[in-house]
Amino acid sequence: MSLWQQDFAVFSLHPELKYFDSAATCLMPKVVADAMHYYQCFEHANSHKGLYPLSANATKTVEKSREKVADFIGASIGASNAQEIIFTASTTQAINQVAQGYVKQQINALAIKDRVANVIVSEAEHHANLLPWQILSQETGVELRIAPITLSGTVDLKALSLLLDKNSVLVAINHVSNVLGTVNPIAEICQLAHKKSVPVLVDGAQAVGHIKVEVEKLSCDFYVFSAHKMYGPTGIGILFAKQVYLEQMQPLIVGGGIVTKTSFTEHYLLPAPLRFEAGSHNVAAIVGLSTAIDYLTAIPLAKRQNYLQQLSSYLIKEMSHLSFIKPLLAFEQLTTASIFSFVVDGVHSHDVASCLADDNIAVRAGHHCAQPLHRKLTIATSIRVSLGLYNSHADIDKLIISLRKVQQLLTIT
Ligand SMILES: Cc1ncc(COP(=O)(O)O)c(C=O)c1O
């Protein structure tokens with residue numbers, strides 16, 4: 001059994017569950033749920049509004065959490081600080097904020113000068129890091145350039161450097177692919193882009209829960225992620241943006257809590273971060289995120305990483321013995337990331353996932369919101385196994401047994 005499985009109350013109700021869908025959302029440790037419950041029962045109030053103690057306490061909770069997030073992603077060293085941390089609803093919302101609030105303005109400024117701007121993404125993006133740029137392209141005519149990936153599943157740096165030019169306004173790239181589990185060389189990508197004075201947005205949704213993220217060291221300009229992929233709740237995400245971009249960015253959503261002065265005809269915005277957090281904060285979710293950070297940081301990083309790497313290696317080794325399994329990346333290219341996607345020749349991935357579900361095994365089947373990547377790999381769908389701290393070698397053994405059963409049931413040769 002995993003050292004940490006007992007931290008997740010769901011297993012007391014579902015002892016047979018083998019949960020391999022952490023890339024979709026991680027299960028929540030009881031301490032996180034308890035902290036949210038406590039806040040909602042005993043401390044709930046609107047933050048940044050009331051002068052009474054309950055509200056002042058909620059404000060303090062939000063601002064302390066902001067500092068904790070900044071520390072967690074290395075945004076409180078060097079030139080960065082907690083004021084560069086924006087609370088959003090999700091990774092998706094954070095990317096839309098950058099697309100509509102910052103990049104659109106840059107494009108318009110370039111267009112005035114009669115130049116066609118371009119935004120560069122990779123072939124392996126989640127739709128959350130593709131559609132906002134497609135919409136922007138439809139709205140403004142910005143050219144969407146697609147950087148290819150190599151056989152090892154990471155961005156082709158040579159090709160990327162050829163795509164970058166003086167009209168590039170942003171590189172938007174995933175840190176860890178939600179399909180392939182590959183880790184992109186973000187520091188090198190930032191170096192390449194910065195040589196041409198192009199900022200870089202990193203979609204860290206699949207990274208923060210697994211690897212050490214230090215935005216200052218990576219030198220990225222924007223970093224986005226969601227709490228629910230790092231053992232926190234849904235409904236809360238983070239946009240880290242360097243101060244210089246925050247000053248140029250307009251809020252995507254406007255309303256209460258973001259102005260110094262308003263009349264019927266005009267308004268004056270507060271400085272960042274509050275100008276980007278219109279409406280009431282989702283304080284319970286912020287408490288959940290903050291507690292998830294405490295949960296993760298209480299476990300030494302090396303211990304967590306080693307455990308998941310060992311599990312990944314075991315999963316890959318065991319999978320490689322199943323002749324009917326075709327991994328999306330060749331077995332020899334697979335590293336020890338916690339995500340493994342594959343197809344079973346001649347069988348729809350939904351059929352495989354349904355059979356596994358009958359054995360209480362939860363995997364993801366489909367295109368995982370990465371249809372263009374699947375198309376490039378000339379497949380429609382795949383099955384994704386993704387690992388979390390609650391998984392164990394025994395879970396993987398069960399998965400392998402179940403896959404063998406699927407093979408027999410569906411008479412795969
Ligand atoms: C790489 C990546 N980016 C973005 C997202 C979107 O995250 P959210 O649904 O929390 O906005 C996901 C979710 O699976 C993801 O894996």
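For the chain, what does -39500 (n - 2.57) per DSSP helix run (n ≥ 4), summed and divided by total residues, give at 222 nm, in deg cm²/dmol to the nearest 500? That comes out to -11000 deg cm²/dmol. Among ALA298, ALA394, ALA353, the residue with the largest mean-square fluctuation in a Gaussian network model of the chain, with springs joining Cα atoms closer than 10 Å, is ALA298. Farthest towards the positive end of the charge dipole of the chain, among the residues ALA187, THR234, ILE253, is the Cα of ALA187, using unit charges on the Cβ of Lys, Arg, Asp and Glu. Amide H to amide H distances under 5 Å link ALA147 with VAL121, SER122, GLU123, where only residues 5 or more positions off or on other chains count and H is placed in the peptide plane.
Here is what passes the span test in the chain: the DSSP H helices with alpha carbon length of 15 Å or more along the helix axis and a Kyte-Doolittle mean of -0.5 or above are 283-297, 393-409.
Solvent-accessible area per residue in the chain equals 43 Å², computed with a 1.4 angstrom probe and all protein chains kept.
Which of the three applies to the stretch 129-264, rounded, prolate or oblate, going by the alpha-carbon gyration tensor with a ≥ b ≥ c and a/c under 1.5 meaning rounded?
On the way: a/c = 1.81, a/b = 1.28, b/c = 1.41.
In terms of gyration-tensor shape, oblate.
The alpha carbon centroids of the stretch 222-279 and the stretch 48-127 are separated by 6 Å.
Using the Cα centre as the reference, give the magnitude of the dipole from point charges on the C-beta atoms of the stretch 256-388 (Lys, Arg: +1; Asp, Glu: -1; all else neutral), rounded to the nearest 20 debye.
Approximately 340 debye in magnitude.
Summarising the amide proton neighbourhood of THR88: residues at separation of 5 or more, or on other chains, whose placed amide H is nearer than 5 Å comprise GLY237, ILE238, LEU239.
Can you classify the stretch 128-180 as rounded, prolate or oblate using the Cα gyration tensor, where a ≥ b ≥ c are the square roots of its eigenvalues, rounded means a/c under 1.5, and otherwise it's prolate if a/b beats b/c and oblate if not? Note, shape of the stretch 128-180 comes out oblate. For the stretch 37-296, the antiparallel share of DSSP beta bridges with both residues in that region comes to about 45%. Which shape class, rounded, prolate or oblate, goes with the stretch 1-138 when its Cα gyration tensor gives a ≥ b ≥ c as root eigenvalues, a/c under 1.5 marks rounded, and past that a/b bigger than b/c marks prolate? It comes out oblate by the Cα gyration axes.
With 5 Å bins beginning at zero, the pair-distance distribution over Cα atoms of the stretch 37-296 amounts to 1, 6, 13, 17, 19, 16, 12, 8, 4, 2, 1, 0 %. Whole-Hz Karplus values for the stretch 10-23 come out as 4, 6, 6, 8, 10, x, 8, 5, 10, 9, 10, 10, 5, 6 Hz, taken residue by residue from phi with 6.51 cos²θ - 1.76 cosθ + 1.60 and θ = phi - 60°; glycine and proline positions read x. Which percent, to the nearest 5, of DSSP beta bridges fully inside the stretch 142-225 are antiparallel? Bridges in the stretch 142-225 are about 20 percent antiparallel. Which lysines does LYS303 reach when only Cα atoms under 25 Å apart count, and residues fewer than 8 places away in its own chain are ignored? The qualifying lysines are LYS18, LYS30, LYS68, LYS212, LYS217, LYS229, LYS317, LYS398. Return the single residue from PRO327, PRO199, PRO15 with maximal mean-square fluctuation; model: Gaussian network over the chain, springs between Cα atoms under 10 Å. Among PRO327, PRO199, PRO15, the largest mean-square fluctuation in the Gaussian network model of the chain belongs to PRO15. Out of the stretch 123-180, which trypsin sites (Lys or Arg not before Pro) are coil in DSSP terms and have no more than 14 other C-beta atoms within 10 Å? Passing sites in the stretch 123-180 are LYS166. Amide H to amide H, with H built 1.01 Å from N, ASP21 comes under 5 Å of SER386, counting only residues 5 or more places away or on other chains. With a Förster radius of 25 Å applied to the beta-carbon distance between ALA187 and ALA111, the computed FRET efficiency rounds to 0.20.
Using Cβ point charges alone (K and R +1, D and E -1), the dipole size of the chain about the Cα centre works out to roughly 380 debye.
Give a quick list of GluC sites (Glu not before Pro) in the stretch 256-350 that DSSP marks as loop, anything other than H, G, I, E or B, with at most 11 other Cβ atoms within 10 Å. Loop-located and lightly packed - GLU266. Gain on full extension, evaluated as 0.36 nm per residue between ALA302 and GLN6 minus their Cα-Cα distance, stands at 104.5 nm. A Förster radius of 35 Å, combined with the Cβ-Cβ distance separating GLN243 from LYS158, puts the computed FRET efficiency at roughly 0.60. By DSSP, the beta bridges lying fully in the stretch 199-330 are antiparallel in about 75 percent of cases. A crude spin-label estimate for the pair LYS64 and HIS194, with each label 7 Å from Cα along the Cβ direction, gives 3.4 nm.
The values are calculated or read from the model by the stated rules, or taken from the named source; none is laboratory data. Predicted model only: the values in this text are computed from it and were never measured. Methodologically, a virtual Cβ is constructed for each residue, glycine included, from the backbone with ideal geometry; neighbour enumeration extends over all protein chains shown. The accessibility values were calculated without ligands, DNA or RNA, using every heavy atom of the protein model including side chains. Shrake-Rupley method; radii C 1.70, N 1.55, O 1.52, S 1.80 Å.
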